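> First the structure, then my questions, so here it is.
The values are calculated or read from the model by the stated rules, or taken from the named source; none is laboratory data. All values reported here derive from a predicted model rather than from experimental measurement. Backbone-built Cβ (ideal geometry, glycine too); neighbour counts: all protein chains shown. Each accessible area value is taken on the protein alone, full model and side chains, heavy atoms only, with ligands, DNA and RNA left out. Shrake-Rupley method; radii C 1.70, N 1.55, O 1.52, S 1.80 Å.
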Amino acid sequence: MFTNRWHFPLAPSPGPPHFFPQSEKVSMSLMKFFLSLSLLAVSLVEALAPGMVRGDEAPAGSFRTPAGFSVDLIYKVPSAEQGSWVSLCVDPKGRILSSDQYGKLYRITLADGKAPHVEQLKINIGLAQGMLYAFDSLYININATTGQLKKTDAQGPGVYRLTDTTGDDQYDKIEYLVPLKDQAGEHGPHALILSPDGKKIYLCNGNQTDLPESATGGPVPRHWGEDHLLGRMPDGRGFMSDRLAPGGWICRMDPDGSNLELMANGFRNEYDIAFNPAGELFTYDADMEWDIGTPWYRPTRVNHVISGAEFGWRNGTGKFPDYYPDTFGAVVNVGPGSPTGIVFGTGARFPVKYQESLFISDWSYGVIYAVHMTPQGATYTGEFESFVTAAPMAVTDLIIHPDGNMYFAVGGRRTASGLYRVRYTGDESTQPKIVNDEAKETMAARSLRHQLEDFHGHVDPAAIKPAIANVGSADRAIRYAARIALEWQPVEQWRMAALALKEPQAIITAAVALARCGDKVTEADITKKLAEIDFTSLSEATQLELLRAHELVWLRLAAPDAPQRAAVLKQLDAQFPSRAGLLNRELALVLCYLNAPNIIDRCVAQLQLSSSQEDQIHYAFCLRDMREGWTDDLRRGYFQWFFDVASARGGASFGGFLSNIRDVAIANLSEDDKKALGELIGAMPAPADPLADLAPRKQVAEWTVATLQPELAKITDAPNFERGRELTAVAQCFKCHRFAGQGGIQGPDLTATSQRFNDTDMLTSILEPNKEISDQYQATQFLTDNGAITGRVANLNGNTLNIVTNMLAPGDFTNIDVGDIIERRPSPVSMMPSGLLDTFTPAEIHDLLAYLRSGGNASHEVYRQ
């Protein structure tokens, strides 16, 4: 890769963007001369590098792919005439159909070795973010307001069917099948796909789209709620504060738009959906990037969309965590991004590994991921890898074409647009796998889930016996399906059977069902059964479900009376604080609700002791409305925390959330309390340097792997896991990395570090971060007329790129005009700061590594003191 031989400061750092130094007083013409020489060197290297394609004049940057794959620009969309493409599908003749986000529909006829023929369809309609050819028709899902559609023949947003009634190969008939209400923004109508049996059409819509009144059927019970035990605070900047459950949704319909059925809900903004060869439905849902750094942040994630599922999106602080039993969680969490098109590799002339992959697109960070899923009971688990990356690469949609290649579009928000092809030219076999090698246990579990799902959406007395038999299943997907089957039946027909259950997991799941159905008749009985469960005998996952069952009973049926409160406190109070971060959070929530003895003391202590800013914010949130049990010292400690957390960083709403929490707490103070606190309730402190925690420590050595390993080998003492946890925070690891369900999301998750790396690999990654940089986290160097900037593309709009230059401040952007870019290339320098361990002794590093190897499962006795 290019060497910075002219000493321009191209390497990234945690500081400001990198520009050419003014002190060198180099004339701009000489600077451009130097850059020209540099770019010549880069061009020569890239010309020889496999998997790299120059993209100076193309809508996307230089591509990186796995070995054996190549990316070709098929068509550069002229923006003035054809806009910016956001949706693709294929017609029976193999022609690709596309839609401009703000304009018309186009048809692309591919020609081997020649430029494709591109024509605008004559029909006066477009602005589609979902397209499907089926039933001799082109279906489109329009995401636009009525006002934006005035110059078209569309009547409003929603699903349309276009047909050719004259046989001239042009669509001339428009039918408005599923009208949707006007909404402003991009969280509206999205993809359309065909069901596996070829009889139905599935459509997905983001959380700004009201569920149509015609969607009266389907497996989702219509008793969703907000369900927040301590209340919900809206987004810190007020964004979409009026949007409540059910959130984004997925429906299916007949070809004529009738029989619209709600299949799943609780998404934020799922742009696309896809079926795997087994007929299982998946989506890639969006995060709320403004939430980064808060405990309610949920990364972009792949969801297995089972029948009747709720996925827990709620506004502001109210998002359901994955462990709630009334939501279904994720197959794999990806990280920050902007999900767009997805497709399975079925039919691709790729190696079998990729034929079976789910390809998902991240518009903002310019990545197509390959998600490799493994059956896990009646659902799946997964891992992902970068498949195609470039900076920028605003990928909007992708398809597997009948020719065996992948095609994807880039564009959206009036950015430069184009159509690309991904081919496999390597040596591996591309023959499809014929034999189904799924384990019998997997097929049996999936079959049982499907049998239970057959009872969804209607009343059937035959559902009760198998549903009751499976609410205690160890398989989360099966017990979820069993619970939904019960919720569709009249409660009086299964109430007694539910109350007769003995096994804890079955009692918990049945309690969730009874609460969600609003069965106040059973409130006292189910509260008693829940309180009698031996909390310490349960796994952590089941403990979390038990806590949520308590919450739903109190929220949906009745608040606990004094004897019930005493019984629950006897069950739970001694368990907080615990060793597990997520369990601690949920226990704090419940015990604050119950106003447990000394709960304020304990939460303030956790607020001050926790190494995770997400945990700290959670405790501050729980305490914001507590009015009894405070002492002067506790109040000072609580309000001092808002000053202590000044070095924390997060998304655009991060500061607003902290201010709102603090404002609620201040509003609960008496005038005397306010006077006693004085400046502690004054103006919020200005954000501090996120690396300030490192300043007081003196340098021990400029550690390298070669110098540190011999020192570590001399240590014979057992590691101190608690000190390792504290040092992990001091080293700023939690600000960028997740560990045991806590921490940031800008870097790789460290929880399974010990399963993937030995000690040498771990040290190399920490001490020499530039040695190997994952495509997923690699920065890009942008050489412009004004200098050089290094960072990751986080967003785009028109000709402007929004660049994150500091991983510790993911919400701060540096803007670059595309027209100013002379060259862009992958940075050879990691965005992870170097020297993070230079202030640590070998003994401290020994403890830190031991903690990372533990996966967060080490015993931390400090929490029990």
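> What number goes with the only condition from (1) at pLDDT 95 or above; (2) open to solvent by 10 Å² or more (accessible area, probe 1.4 Å); (3) more than 24 Å from K173 (Cα to Cα) that I123 does not pass?
(3)
> Give me the residue from region 580-595 that is at negative phi and either free of Cβ contacts under 8 Å to residues at least 12 places away in the same chain or touching a Gly at 6+ places or on another chain (Cβ under 9 Å) (or both) and, out of that set, surrounded by the most Cβ atoms within 10 Å (Cβ to Cβ).
Taking the candidates together, the pick is G581.
> A further question follows. Within region 504-555, which residues are among the small types (G, A, S) and over 22 Å from R585 (Cβ atoms)?
Hits for region 504-555 are A506, A510, A513, G518, A524.
> Just to verify a result, which residue in region 697-712, among those that are closer than 10 Å to L837 by Cβ and either assigned to a helix (DSSP H, G or I) or in contact with a helix residue (DSSP H, G or I) (Cβ under 6 Å, 6 or more places away or on another chain) (or both), is most open to solvent (accessible area, probe 1.4 Å)?
Among them, the one singled out is W703.
> Something else now. For region 624-670, which positions are charged (D, E, K, R) and either outside any helix (DSSP H, G or I) or crowded, with 17+ Cβ neighbours inside 10 Å (or both)?
R624, D625, R627, E628, R635, R649, R662
> Among the residues of region 481-505, count how many are open to solvent by less than 10 Å² (accessible area, probe 1.4 Å) and not in a loop (DSSP other than H, G, I, E, B).
Count: 7.
> Go through (1) in contact with a strand residue (DSSP E or B) (Cβ under 6 Å, 6 or more places away or on another chain); (2) outside any strand (DSSP E or B); (3) of a type in the set (G, A, S); (4) open to solvent by 10 Å² or more (accessible area, probe 1.4 Å) one by one and return the number of the condition S386 breaks.
Condition (2) is where S386 drops out.
> Restricting attention to region 201-215, which residues are over 17 Å from R314 (Cα atoms), assigned to a loop (DSSP other than H, G, I, E, B) and open to solvent by 10 Å² or more (accessible area, probe 1.4 Å)?
P212, E213, S214
> From P402, P461, grab the single residue that is more than 30 Å from T216 (Cβ to Cβ) and surrounded by fewer than 15 Cβ atoms within 10 Å (Cβ to Cβ).
P402
> Tally the residues that are within 15 Å of L105 (Cα to Cα), not in a strand (DSSP E or B) and not hydrophobic (A, V, I, L, M, F, W, C), restricting the search to region 124-165.
Summing the residues that are within 15 Å of L105 (Cα to Cα), not in a strand (DSSP E or B) and not hydrophobic (A, V, I, L, M, F, W, C) in region 124-165 gives 6.
> For region 241-262, what are the residues that are closer than 25 Å to P321 by Cα and open to solvent by less than 20 Å² (accessible area, probe 1.4 Å)?
Across region 241-262, the qualifying residues are G247, G248, W249, I250, C251, L262.
> If I go through region 833-853 residue by residue, how many of them are assigned to a loop (DSSP other than H, G, I, E, B) and surrounded by fewer than 20 Cβ atoms within 10 Å (Cβ to Cβ)?
Of the residues in that region, 7 qualify.
> If you don't mind, there's one more thing I want to ask. Among the residues of region 747-771, write down those that are modelled with pLDDT of 60 or more and in contact with a helix residue (DSSP H, G or I) (Cβ under 8 Å, 6 or more places away or on another chain).
G747, P748, L750, D759, T760, M762, L763, T764, L767, E768, K771
> Related question: Six or more apart or on different chains, Cβ atoms under 6 Å: show the pairs whose first residue is in region 120-149 and closer than 14 Å to S98 by Cβ and whose second is of a type in the set (A, V, I, L, M, F, W, C) and part of a loop (DSSP other than H, G, I, E, B).
I125/A154; L127/A144
> Now a separate question. Name the residues in region 82-115 that are at negative phi, touching a Pro at 6+ places or on another chain (Cβ under 6 Å) and assigned to a loop (DSSP other than H, G, I, E, B), would you?
The answer is L110, and nothing else.
> If you don't mind, another one. Out of all the residues in region 600-619, which are in contact with a strand residue (DSSP E or B) (Cβ under 9 Å, 6 or more places away or on another chain) and part of a helix (DSSP H, G or I)?
Q613, E614, D615
> Select from region 94-115 the residues that are open to solvent by 20 Å² or more (accessible area, probe 1.4 Å) and closer than 21 Å to D164 by Cβ and list them in ascending order.
If the condition is that a residue be open to solvent by 20 Å² or more (accessible area, probe 1.4 Å) and closer than 21 Å to D164 by Cβ, then R95, K104, T109, L110 are the ones that fit.
> What number of residues in region 275-301 are within 18 Å of A794 (Cβ to Cβ), open to solvent by 10 Å² or more (accessible area, probe 1.4 Å) and touching a Pro at 6+ places or on another chain (Cβ under 7 Å)?
The total comes to 4.
> Also, I was wondering about something else. Sort out which residues of region 363-383 are open to solvent by less than 10 Å² (accessible area, probe 1.4 Å), within 16 Å of V86 (Cα to Cα) and hydrophobic (A, V, I, L, M, F, W, C), and write them in order of number.
Hits for region 363-383 are V367, I368.
> Here is a follow-up. Counting only residues that are open to solvent by less than 60 Å² (accessible area, probe 1.4 Å) and of a type in the set (V, I, T), which one in region 147-182 is nearest to the chain's Cα centre (by Cα)?
V159
> On the given criteria, is S429 among the hydroxyl-bearing types (S, T, Y), more than 19 Å from N276 (Cβ to Cβ) and at pLDDT 95 or above?
Answer is yes for this residue.
> Go through G198, G185 for me and flag whichever is assigned to a loop (DSSP other than H, G, I, E, B), farther than 27 Å from M288 by Cβ and out of contact with any Asp or Glu (no Cβ under 7 Å at 6 or more places or on another chain).
Going through G198, G185 in turn, just one is assigned to a loop (DSSP other than H, G, I, E, B), farther than 27 Å from M288 by Cβ and out of contact with any Asp or Glu (no Cβ under 7 Å at 6 or more places or on another chain): G198.
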